[in-house]
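Comments concern the structure below.
Laboratory data are not the source of any read-out in this text; all were calculated from the coordinates shown. These numbers were taken from a predicted model, which means no experiment stands behind them. All Cβ positions, glycine included, derive from the backbone under ideal geometry; neighbour counts span all protein chains shown.
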Amino acid sequence: MRTPLGRRRPMGCSEVALVLQSYVDGQTRPRTRDRVTEHLGCCAWCAYEAATYREIKNALARRDPVDREALARVRAFAESLLRDEPDGTPTA
């Protein structure tokens, strides 16, 4: 969606959540990558989730055991998106 000036509106947490894994894996298009990067720069919650995904990805790449706490955080984040926004506000 574009703003009246023709600029894309910032991505919301729910939109970022849909592409976050692809973003971390470097598999998004440049425009999507830039929009996610912009969102992560101003949303501590999503930035934390991106760091968690990276932590899990790096552990798997090293063949280290995945931190169960990190895995639980990712699951909780996904469940929160199904219920509410990450900041706790109900979705419409």
Per the filter on the stretch 67-77, residues surrounded by 14 or more Cβ atoms within 10 Å (Cβ to Cβ) and without any contact (Cβ under 8 Å) to a residue 24 or more places away in the chain are Ala70, Leu71
Screening Arg54, Arg31, Arg9, Arg63 for residues that are farther than 16 Å from Leu81 by Cβ, surrounded by 12 or more Cβ atoms within 10 Å (Cβ to Cβ) and among the basic types (Lys, Arg) leaves only Arg54
